[in-house]
Structures are given as C-alpha cells and as structure tokens.
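What follows is a short report on a single structure.
The values are calculated or read from the model by the stated rules, or taken from the named source; none is laboratory data. Everything quoted here is computed from the prediction, not taken from an experiment. In this analysis, Cβ positions are derived from the backbone assuming ideal geometry, glycine residues included, and neighbour counts consider all displayed protein chains. The protein model used for the area step is the full one, side chains on, heavy atoms only, and it has no ligands, DNA or RNA in it. Shrake-Rupley method; radii C 1.70, N 1.55, O 1.52, S 1.80 Å.
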Amino acid sequence: MATMAGGENKMWGGRFSAGPDAIMEEINASIGFDRKLYAQDIAGSRAHAAMLHKQGILSADDHVAIDQGLVTILGEIEADTFVFSRALEDIHMNIESRLRELIGPAAGRLHTARSRNDQVALDFRLWVRDQCDAIAAQIETLIKTFLTRAEEHADTVMPGFTHLQTAQPVTFGHHCLAYVEMLARDHSRLKDARERMNENPLGAAALAGTGFDIDRHATSTALGFREPTRNSLDTVADRDFALEFLACASICATHLSRLAEEIVIWSTPQFNFVRLSDKFSTGSSIMPQKKNPDAAELVRAKVARINGSLVSLLTVMKGLPLTYSKDMQEDKEVVFDAAETLELALAAMNGMIADMTINKDAMRAAAGSGFSTATDLADWLVREAGMPFRDAHHITGSAVAMAEKQGCDLAELSLEDMQSIDAAITNDVFNVLTVDASVASRTSFGGTAPENVRKQIVYWKERLG
C-alpha cells in the first residue's frame, strides 16, 4: 500500500494536511476580508472605553492606556506594519491581541459590557454608513456632469425611442436630464437608507443587553448616531441596513447598466451618435479599425455582481432565528464587493459622459427618420382643424403610408398630396413637421422643449447647491 506523501490525510484533501482543525480555521476565519473594518472597530472601541471611564467602570489610567494603544494600532495598520493573524479569526481579536501586547492586562478591560455580537454590528453599520456617504457623493458628481452636458446640448435634436424604434424627436439635453432624475432617486434612496441605519448597536452586548451602568446615548453621540437601537435582540440579529444598501446599489447599477447599453448602441457606426475617448475604449487584436466601448460594456455587466450580492445576503438571512448565527459572517464580503464595484462603475461612467464627443449631425439626421413628426401632424389636425384625436390619428396614418410609398418624409409631401387625404389640411401644417418645431412645441411641464431643459438645469443646480 502506498504511503501518503507528507502525511496528508486523503479524507480531508491535500490542502488540509492537518485534518479537521485546518478545515475549521479555513471556514471560520474572516480576517481576510473583515480587516476592512479596522478604522470602524477602533473608533467604536475608543468611544466605548471613553464611556466606560465616564461611567466609573474603567479607571483613568486604564482608559488612557487603552486609548493610546488603539491610536498606535490605527497608525500601524495605516502604515501597513500591522501583522494580521488568521489564528485570531477576525479584526476584533487581532486588534485586541495587539492591544494586550502593547499595554498588558488592561486591554482585557476594554471588552467590559460588550460582546463581539454588538461590536461587529457596530463596525459593519459604521462601514456601510460611510459607504452611503461616499457613493452618494459620487452620484452627485455624475449628476453634475450630466447637467453640464445637458446645458451644452439643450438644443441638440436627437430621436426619442420606444421599443428602440424612432418615436418622436427630443433633445440630447432632455435625454441627459432623464438620467439626472434616475440618479437623484438613487441619491435619495441612499440618504434614506443612511437615516434608517443611523442607530447605535453598541451596548446590546451578546443579545440581552448588559447589567453594567453604561450610557448608550453617550456612545451614540460620540459615533455620530441619531440614537441607540431600542431592542437588544433585533440589534445583534439585524442586517436590514446591509440589505437596503445592496438594494440601493442594485437599483443604481441598473440605471448605469441602461445608460451603458445606450452608449454601446450610440457608439456603433450604424448610429454614430457619440464617440468615446481613447481612455474608455480598446482596440481589437485582429481588426485594426475597431474601437470597442469596453468600459461601457463592463459597467453594463457589473450589475450582475451587485444583484448577485443582494440575492446572496437575502438568502443567508431568510432562515435565521433570533439572534446571531455564524451564517451572518457571510454578510460582509458581498457588501464589500458590491460597494467597490458600484464605486468603480460610477467613476467609469462619469469619465465616459464627461469626455465623450456628441455627433450632432448624426443625431439630427436620425431624429427626422421614421416619420418621427407624425404625432405633430395629428396634434395639428386636432388643434387647427378641430378633429377628434382618433380621426386625426387615422388621417396621419394615411399620410405616413403615402410618404412611405413615395419614399419621402412627411414634410416632403406636397400640399396637394396632404389635401387629397383631408381637405382641412392647409399650408400651415408644414410649420410643425420639422424636428426643431416638434421639440420646441413640447412645452408641457417635463417636456423636451429646449426652454424646459434650461429651466430644469437651473432647478437642479439650485437643488444641488
């Protein structure tokens, strides 16, 4: 019988040569990813220590030693000299172990009236709250970029689409403002989510609170929370804040994906509406003429990762009884990945929108295709000839059929042709059949008229401040 090289236990596989203990360490350790929480963990510990001292639970000497030790550890981590240990499982135990090395037994007093359950809930909530602020700021930057492009192109005519078929003329400025609206809702959702999550978990302890005379309102103020959480069981079990953040991220990524799809379409030679700069394009390894919109395509794909993160955490949480279960360790990697992915997608999209070239001539030519001013003819018949809209719709359809047969646009039909369809049509109808007249007429609130676009730009600039 052949011996197993190196004493490997085939039952566990070559990677786990030490047997079950190695497997347990591998599945249990989270330091590989939760080290991202170091700043939040240290901030929470400093606030907790200050509160314990104020409440007479921690001596002044111990408080000073703990606080100075934590500041030292923060500096070590930021200087990349801190040594992380997988054997210590997570960021909390790594920091506590290093604190004990620095200040001795006093480090053990830091964990008074606290559990890893409320500690991790605090750290994670602080991290997600910070991400809400950071991503909201990125969204605002992208909104401002869109406003700049909208102002430049308030009069630039382009086709509006339904079913990806030419529908009616709009302006590119108006199209940009559509994404301003979407992104503003994304921004609002993140702000709402931040407000809901802005409650302090620290002090809930393992699950039942603590018998020590702590002041949760003091730590709430120190850490920028609105107030403490009100139920210790829910506090350590809650990951709604992470789920809501992922839902906000998923919706925002979906908006970016829709925009990316339009950029991919618009940059094709068949459309030729926009041209991406070389910074956001790549070439082909075999076809020298190609300029591929890879950045847009990658943004379009990123939504899949973010959606997957949301579904993953929903699935983790769906069957967990109160309160904490180790399953919840799986909450962080998906949130970290979603946040980083969305930040990258927002940065890439802002760059693309800011420096892409708009081909006004191609947009204008396309805006007049497909009988895009047919609705203007129907509206004119209602307004000037007093027809019911359904009758006007039928007459317009006949005019479109005639133009299609003659191979021309509606504006190129003769007055005689028009009057052969309906005698009520006069020469004035040709004043509404150009794309410029069409967009200028759409003055209803929220419409595409250039004057509306400019008013909306002013509104958004004032709102953003």
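What pairs come out if I take residues in the range 303-325 that are free of Cβ contacts under 8 Å to residues at least 60 places away in the same chain and pair them with residues that are open to solvent by less than 30 Å² (accessible area, probe 1.4 Å) whose C-beta lies under 6 Å away, six or more apart or interchain?
303/253; 303/257; 305/341; 307/250; 312/334
Of all residues in the range 54-78 being open to solvent by 60 Å² or more (accessible area, probe 1.4 Å) and not in a loop (DSSP other than H, G, I, E, B), which is farthest from residue 105 (Cα to Cα)?
Start the filter on the range 54-78 by keeping residues that are open to solvent by 60 Å² or more (accessible area, probe 1.4 Å), which leaves 54, 56, 61, 64, 68, 71-72, 78.
Narrowing further to those that are not in a loop (DSSP other than H, G, I, E, B): 54, 61, 64, 68, 71-72, 78.
On the way: 54: 20, 61: 12, 64: 14, 68: 15, 71: 17, 72: 17, 78: 25 Å.
The selected residue is 78.
Checking residue 431 against (1) crowded, with 19+ Cβ neighbours inside 10 Å; (2) more than 19 Å from residue 366 (Cα to Cα); (3) at pLDDT below 85, which single condition isn't satisfied?
It fails just one condition, (1).
Restricting to the range 397-448, count the residues that are part of a loop (DSSP other than H, G, I, E, B), among the hydrophobic types (A, V, I, L, M, F, W, C) and either free of Cβ contacts under 8 Å to residues at least 12 places away in the same chain or touching a strand residue (DSSP E or B) at 6+ places or on another chain (Cβ under 7 Å) (or both).
Summing the residues that are part of a loop (DSSP other than H, G, I, E, B), among the hydrophobic types (A, V, I, L, M, F, W, C) and either free of Cβ contacts under 8 Å to residues at least 12 places away in the same chain or touching a strand residue (DSSP E or B) at 6+ places or on another chain (Cβ under 7 Å) (or both) in the range 397-448 gives 3.
So residue 163 clears everything in (1) within 30 Å of residue 457 (Cα to Cα); (2) open to solvent by less than 10 Å² (accessible area, probe 1.4 Å); (3) more than 24 Å from the chain's Cα centre (by Cα) except one condition, right? Which one?
Of everything listed in (1) within 30 Å of residue 457 (Cα to Cα); (2) open to solvent by less than 10 Å² (accessible area, probe 1.4 Å); (3) more than 24 Å from the chain's Cα centre (by Cα), residue 163 misses just condition (2).
Can you tell me which of 271, 225 is touching a residue at least 24 places away in the same chain (Cβ under 8 Å) and either open to solvent by less than 20 Å² (accessible area, probe 1.4 Å) or assigned to a helix (DSSP H, G or I) (or both)?
Step by step, each of 271, 225 is checked, and only 225 is touching a residue at least 24 places away in the same chain (Cβ under 8 Å) and either open to solvent by less than 20 Å² (accessible area, probe 1.4 Å) or assigned to a helix (DSSP H, G or I) (or both).
Considering every residue within the range 35-53, establish whether at least one is among the β-branched types (Val, Ile, Thr), farther than 17 Å from residue 113 by Cα and open to solvent by less than 30 Å² (accessible area, probe 1.4 Å).
No - not one qualifying residue is present in the range 35-53.
Is it the case that some residue within the range 351-362 is surrounded by fewer than 19 Cβ atoms within 10 Å (Cβ to Cβ), without any contact (Cβ under 8 Å) to a residue 12 or more places away in the chain and within 29 Å of residue 183 (Cβ to Cβ)?
Within the range 351-362, one or more residues are surrounded by fewer than 19 Cβ atoms within 10 Å (Cβ to Cβ), without any contact (Cβ under 8 Å) to a residue 12 or more places away in the chain and within 29 Å of residue 183 (Cβ to Cβ).
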